[in-house]
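Q: Okay, handing you the structure first.
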Amino acid sequence: MAFIYTYTDVLAAVDAELHSQSSRLNSVRGTINRGARAVLGKADLRSAIRRVNISPAIYDDFYSYPCPADMKDNAIIDIPAQVNRSERYYQTSPEQFDARKKFDTGMVAFDDRDNNYRRLLLSTAIKTDTTILSDCESTTGWVASGDATNLAVDLVDYINGSGALSFDSTAGSGVITLTATLPANIDLTPYKGRELFIALKCPTNVAASLITSVQLKWGSSSANYWSASATSTAELLAFYQGWMYVRFIWPATATGTPDITKVNYVQLNINLSAGTAGTGWHLDFISAREGAMADTIYYSKYPWTTSTGVYIKDSTASDGSDYIVADATEFEMIVGEAAMYGARELRFPQNEINQFIEDQDGDPKYQRPVGRVYKYKMSNPSQRMLLQTSYHNFASVTGDDDITIMNHDSDLLP
């Protein structure tokens, strides 16, 4: 939607509420930004709803996706397929998702291993196409070169099937190379222009920050191939220690003249900023995929946009041209919140501060929530998914599982 109120408009309204004393604040911009963030913490604003494409697509056997950087906590609303929608989703815990993802579709969860590694977890019933180039369960046809050494098969630590390739690295040139001649020709015609994926494990004795890029080559020979490089994981995160998926986008051009119907050559190059000795690298499940396009609809935690439409968490434009993500009612809530903070900082009389609080949040003395925020939430209920977990499964007379659901409502209603 097109927003109409700028930072200048918010400043003028807050200054009026503070009897033209906003210039006495330590940072009027800081106070306004704080007020805007606080309102987003109190209510899911209708104007803050965004729809963003899931890049590159969703797959029925791939469960980890990029999470929008500006998503407000777990405030996801929906994940609609762009065409032929066939299912609805519910939000659950990451623990339940991991336990049930292979057989329970329509689940959404969030993996918050830390602030830098947030992932959107999704299981879908949408059928997508996958062709495996190598299951990495045998060293036959594989050659280690560059800094790669000690190539073997690990039958314990793997992602798919019954094993994965394991190898070590030496402190050499900084390029770890594995090359394979595949046992049979593979026709990848349906996947041209799509994506290829690998599962790669960075060992704990190697700093993941040393990985500058991962390159994959595939084609009909070492002289005729396509090549693509990745500088982040498939979820668009920085490379990290442990198992991670890496995605490669099929390039528009090739080296030589590869035959797409006879792909039998694969090479992996892990490029490090410095040659590093490491033990326990792993490679698994090299595949070509064609997914389904879908979007993420969610509440944003960024209350501003620049004049060019870029969402930002704080207003910074010196000319006041940033837009507040708000309609008329939401604008008044943000002005009221910022004025309340300003009145406290300026040490207004307590009765005036109480009036700001009552107008915004209700009367705290009599616990009557009749302020702007309460009225807004009553007129605009949150659309976010509630968290649901199953705490017991009962076998029904038909043999199906009858799942008892526990809903977790996180203070969404007034």
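No lab work stands behind these numbers, since they all come straight from the coordinates. Keep in mind it's a predicted model, so treat the numbers as computed, not measured. All Cβ positions, even for glycine, are placed from backbone atoms using ideal geometry, and neighbour counts span all protein chains on display.
Q: Pairs on different chains or at least eight residues apart, Cα atoms closer than 23 Å: how many lysine pairs in the chain fit?
A: 25
Q: Tell me the label only: which of (1) 26.7, 82; (2) 40.9, 152; (3) 22.5, 77 is Rg and Dmax of the Cα atoms in Å as calculated from this structure?
A: Correct label is (1).
Q: Which whole-number percentage describes the relative contact order of region 1-160, with Cα contacts under 8 Å and a sequence gap of 6 or more?
A: Details: 118 pairs, mean separation 26.7, N = 160.
Rounded, it is 17 percent for region 1-160.
Q: Working out 0.36 nm times the residue gap between Asn380 and Val143, then minus their Cα-Cα distance, what length gain in nm do you get to one decimal?
A: Numbers: separation 237, 0.36 × 237 = 85.32 nm, distance 6.11 nm.
Residue separation times 0.36 nm, minus the Cα-Cα distance, leaves 79.2 nm.
Q: If the elastic network links every pair of Cα atoms under 10 Å, which of Thr233, Thr92, Thr189 fluctuates the most in the Gaussian network model of the chain?
A: Looking only at Thr233, Thr92, Thr189, the largest GNM fluctuation is found for Thr189.
Q: Helix 28-42 against the longest principal axis of the chain: what's the angle in degrees, Cα atoms only, rounded to the nearest 10?
A: Helix 28-42 sits roughly 70 degrees off the main axis of the chain.
Q: Please state the shape class of region 273-328: rounded when a/c is under 1.5, otherwise prolate if a/b exceeds b/c and oblate if not, all from the C-alpha gyration tensor.
A: Judged from the Cα gyration tensor, region 273-328 comes out oblate (a/c at least 1.5, b/c at or above a/b).
Q: About the Cα centre of region 130-290, what is the dipole size in debye to 20, counting +1 per Lys and Arg Cβ and -1 per Asp and Glu Cβ, all else neutral?
A: The dipole magnitude comes to about 360 debye.
Q: For the charge dipole of the chain, defined by +1 on Lys and Arg C-beta atoms and -1 on Asp and Glu C-beta atoms about the Cα centroid, which residue among Ala317, Leu165, Ala254 has the Cα displaced farthest towards the positive pole?
A: Going by the Cα projections, it comes out as Ala317.
Q: I've got another one for you. In which sequence would Cys202, Cys136 go, from the one with the fewest C-beta neighbours within 10 Å to the one with the most?
A: If I rank by nearby Cβ atoms, fewest first, I get Cys202, Cys136.
Q: In which sequence would Thr316, Thr170 go, from the one with the fewest C-beta neighbours within 10 Å to the one with the most? Could you put the intermediate results ahead of the total?
A: Working: Thr316 12, Thr170 15.
With the fewest neighbours first, Thr316, Thr170 line up as Thr316, Thr170.
Q: What does the charge dipole of region 150-243 about its Cα centre add up to, to the nearest 20 debye, if the Cβ of each Lys and Arg holds +1 and the Cβ of each Asp and Glu holds -1? All intermediate terms of the calculation are to be shown ahead of the outcome.
A: Working: 4 positive and 6 negative charges, 49 e Å.
Dipole of region 150-243, to the nearest 20 debye: 240 debye.
Q: Please compute the contact order of region 130-290 in relative form: average sequence separation of alpha-carbon pairs under 8 Å and at least six residues apart, divided by the residue count, as a percent.
A: Relative contact order for region 130-290 comes out at 37 percent.
Q: Note down the relative contact order for the chain as a percent, whole number, built from C-alpha pairs under 8 angstrom at least six residues apart.
A: Reported relative contact order: 24 percent.
Q: Right, next: Quick check: from the Cα gyration tensor, does region 43-139 come out rounded (a/c under 1.5), prolate or oblate?
A: prolate
Q: OK, next. For region 297-324 and region 159-194, what is the separation of their C-alpha centers, rounded to whole Å?
A: One Cα centre to the other: 43 Å.
Q: For region 329-366 and region 45-62, compute the distance between their C-alpha centroids and round to whole Å.
A: 36
Q: Hey, another quick one. So how do Phe3, Phe239 line up by other beta-carbon neighbours within 10 Å, fewest first?
A: Phe3, Phe239
Q: With +1 assigned to the C-beta of every Lys and Arg and -1 to the C-beta of every Asp and Glu, and no other charges, what is the dipole magnitude of the chain about the Cα centre in debye, to the nearest 20?
A: Values: 35 positive and 48 negative charges, 113 e Å.
Roughly 540 debye for the chain.
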